[in-house]
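All remarks here apply to the structure that follows.
No lab work stands behind these numbers, since they all come straight from the coordinates. On a predicted model such as this, the values are computed, not experimentally measured, just so you know. Quick reminder, even Gly has a Cβ in these numbers, built from the backbone with ideal geometry, and neighbours come from all protein chains shown.
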């Protein structure tokens with residue numbers, strides 16, 4: 001057997017993205033120093049869970065972790081996809097953490113992917129499942145992903161600390177490659193949509209949040225609809241919580257989204273959570289989320305800050321055409337993504353600030369990734 | 001005249017590379033984190049103290065914008081609490097009026113045009 005040359009990396013940062021890019025570019029990687037100095041060293045439960053997920057959706061991939069979990073060897077296999085898969089995402093991170101890399105991976109599979117994910121559906125750390133439906137999936141369609149077979153179904157909701165949510169993700173495969181975009185026109189916000197939810201608390205929480213959020217939008221736009229999704233019984237998961245996600249749709253088909261979730265944090269992970277924080281009252285939640293959405297709109301760009309990473313990644317995966325996009329301010333995760341893209345795919349963006357609008361224009365030539373898994377059949 | 005044009009061009013290109021430098025670093029395309037195997041410099045002092053307390057402050061360092069830190073939190077969600085404004089204020093809300101269909105459409109169109117002109 002030939003010797004495999006591993007790309008050597010350090011640290012736990014961007015583990016998901018590194019694994020994703022390693023899989024897409026078929027680059028074996030070796031990561032060292034994963035939280036070597038931390039009180040709990042090595043890979044965290046959600047990271048191990050993500051590795052298991054990679055094993056579930058692909059064939060012939062090879063994962064090796066040393067005893068303390070501070071060293072990881074990953075040799076990517078072929079993404080198979082397939083139906084009726086299942087994965088328990090655990091409770092240390094929400095389902096959103098797993099969805100982000102999974103939707104990209106699914107596109108380059110052999111067969112369309114359909115997978116049931118269990119865990120936390122809404123959580124303040126990762127984009128919620130509602131944001132995925134309202135903003136992430138439309139973003140994929142921009143790049144030529146067929147809309148049939150692309151969906152996220154929320155079977156039940158679950159918030160931290162005990163989860164109990166369940167969603168089904170379906171991703172179609174792309175038959176050749178993605179489509180490069182020229183996407184610089186932000187348009188004007190024509191409507192605001194949203195969805196609030198509550199699990200194991202009164203529906204009144206939702207009404208209060210919506211009322212507060214509407215109060216801020218009312219002076220700007222009449223077309224504001226925020227739906228409620230009150231869950232009860234088995235569909236409400238195991239913990240009480242409430243939250244809201246909003247998306248602003250523009251005349252040029254851009255979706256700018258924000259979301260938030262209020263629930264108790266997990267007690268077991270950190271020792272110093274004796275003082276249980278008081279939950280933020282729904283009225284403040286509504287006002288804050290509305291303000292955050294207006295902040296995103298003010299900043300400009302064809303997507304919100306949270307989606308920068310995915311946007312850049314999709315641009316880089318395009319055929320060898322020029323993609324041109326406009327974003328607001330570059331955020332840390334976006335910058336990290338740009339660096340990872342350079343390291344794995346060899347794609348470098350031309351980044352130009354636009355002082356007149358305070359936005360940033362990015363241009364790149366895609367790496368021309370084709371769906372090779374499919375050709376094998 | 002002609003010699004001036006090249007100067008202007010050069011200044012513009014220097015300005016635009018700033019953001020690229022921020023992202024990709026100053027030197028060439030050499031990836032910074034995929035380093036070769038380094039032998040620990042402090043390996044020799046290890047005899048002095050067998051147990052070394054790890055500083056807690058070190059690992060709790062802020063998630064800096066630089067992104068150079070190893071082991072930062074892996075999350076794409078970015079919530080800008082820092083620049084949150086009081087959108088109930090009439091003046092502030094008028095400042096983004098033109099980004100909505102209820103505002104001035106010609107100004108919004110200009111935003112798009114500015115982009116087309118200065119590129120290419």
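Key figures
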{"item": "Additional length obtainable on full extension of the chain from residue A:3 to residue A:66, 0.36 nm per residue less Cα span", "result": "20.7 nm"}
{"item": "Along principal axes, Cα extents of the stretch A:14-72, largest first, whole Å", "result": "33, 18, 18"}
{"item": "Spin-label zone in the stretch A:184-211 - amide nitrogen under 18 Å from a point set 7 Å from the Cα of residue B:106 along the C-beta vector", "result": "A:188"}
{"item": "Protection-proxy order for peptides A:203-209, A:287-293, A:144-150, each taking the mean of Cβ atoms within 10 Å per residue, highest first", "result": "A:287-293, A:203-209, A:144-150"}
{"item": "The stretch A:189-299: relative contact order as a whole-number percent, Cα under 8 Å and 6+ apart", "result": "34"}
{"item": "Shielding by other protein chains, A:89-100, mean Cβ within 10 Å", "result": "1"}
{"item": "Chain A, helix-only ellipticity at 222 nm - DSSP H runs n ≥ 4, -39,500 (n - 2.57), divided by all residues, nearest 500", "result": "-8500 deg cm²/dmol"}
{"item": "Anisotropy class of chain A from Cα gyration tensor, a/c 1.5 cut", "result": "oblate"}
{"item": "Ordering of A:168-174, A:317-323 by packing [mean C-beta count within 10 Å, highest first]", "result": "A:168-174, A:317-323"}
{"item": "Ranked packing of A:19-29, A:93-103, A:36-46, B:89-99, most packed first, by mean Cβ within 10 Å", "result": "A:93-103, A:19-29, A:36-46, B:89-99"}
{"item": "Peptide-level mean, for A:352-365, of C-beta atoms on other protein chains within 10 Å", "result": "3"}
{"item": "Percent RCO, i.e. relative contact order, over chain A, from Cα pairs under 8 Å lying at least 6 residues apart", "result": "15"}
{"item": "Relative contact order (%) - criterion: Cα under 8 Å, at least six apart; region: the stretch A:304-372", "result": "43"}
{"item": "Whether the stretch A:304-372 is rounded, prolate or oblate, judged on the alpha carbon gyration tensor where a/c under 1.5 counts as rounded", "result": "prolate"}
{"item": "Ranked B:3, B:87, A:183, B:105, criterion: other C-beta atoms within 10 Å, fewest first", "result": "B:3, B:105, A:183, B:87"}
{"item": "Ranking of B:113, A:111, A:352 by count of other Cβ atoms within 10 Å, fewest first", "result": "B:113, A:111, A:352"}
{"item": "Computed lengthening from residue A:111 to residue A:264, 0.36 nm per intervening residue step minus Cα-Cα distance", "result": "51.2 nm"}
{"item": "Average beta-carbon neighbours from other chains, 10 Å sphere, peptide B:92-103", "result": "6"}
{"item": "Exposure proxy ranking, count of Cβ atoms within 10 Å, fewest first, for A:104, A:327", "result": "A:104, A:327"}
{"item": "Part-to-part distance (alpha-carbon centres) for the stretch A:28-71 and the stretch A:216-232, which is given in Å", "result": "42"}
{"item": "Extended-chain gain in nm, criterion 0.36 nm per residue less alpha-carbon gap, residue A:151 and residue A:219", "result": "21.1 nm"}
